[in-house]
Amino acid sequence: MSAVPPLPNETPVQIPNYLAWSIISTVLAVCLCCPLGFLGIVAIVYSSQVNTKLAQGDVAGARRASDAAKTWCWVATALAIIGLLINIFMVATGGVQEYMEFVERMQQVQ
């Protein structure tokens, strides 16, 4: 988090940017889910805008960017969780083994 330099008799403004959360959730969503995980990039963009807007003195804009980043972080996190559940289901039901056998059969045909 970054703060705008305080004016005399004014406390610095603290607005979370959620940058770490947005990066981690995006990477996990892409690895565990599918190309939909790239929606987490929207969270990274909004997260990076928070400190810039604070430095410019746009506190309201920084709050909006922070809120949007948080929303998109939740979207990316949800996609990562869904992807994890799908992967667990595939492993538990043997779906991965069937897929690997299919790939091997396709390679033998060529």
Exercise. Just one of V91, V50, V59 is of a type in the set (A, V, I, L, M, F, W, C) and at pLDDT below 90; which is it?
Worked result: V91
Problem set entry | Test: residue in region 34-47 that is more than 26 Å from I15 (Cα to Cα) and assigned to a helix (DSSP H, G or I) | yes
Exercise. If you check L79 against the conditions, is it surrounded by 15 or more Cβ atoms within 10 Å (Cβ to Cβ), under 14 Å from I24 (Cα atoms), out of contact with any Phe, Trp or Tyr (no Cβ under 9 Å at 6 or more places or on another chain) and modelled with pLDDT under 95?
Worked result: yes
Exercise. Just wondering, is there one or more residues in region 3-15 that are surrounded by 14 or more Cβ atoms within 10 Å (Cβ to Cβ), over 9 Å from the mean Cα position of the chain (by Cα) and at pLDDT 90 or above?
Worked result: yes
Exercise. Which residues, taken from region 48-98, are in a helix (DSSP H, G or I), among the small types (G, A, S) and over 15 Å from the mean Cα position of the chain (by Cα)?
Worked result: A55, A60, G61, A62, A92, G95
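Here's the yes/no breakdown for (1) out of contact with any helix residue (DSSP H, G or I) (no Cβ under 6 Å at 6 or more places or on another chain); (2) farther than 16 Å from N17 by Cβ; (3) crowded, with 19+ Cβ neighbours inside 10 Å; (4) at pLDDT below 95:
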position	(1), (2), (3), (4)
G40	no, no, yes, yes
V96	no, yes, no, yes
V103	yes, yes, no, yes
Q110	yes, yes, no, yes
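The values are calculated or read from the model by the stated rules, or taken from the named source; none is laboratory data. The shown structure was predicted, so the numbers you read here are calculated from the model rather than taken from an experiment. Here the Cβ is made from the backbone with ideal geometry for all residues, glycine too, and neighbour counts use every protein chain on show.
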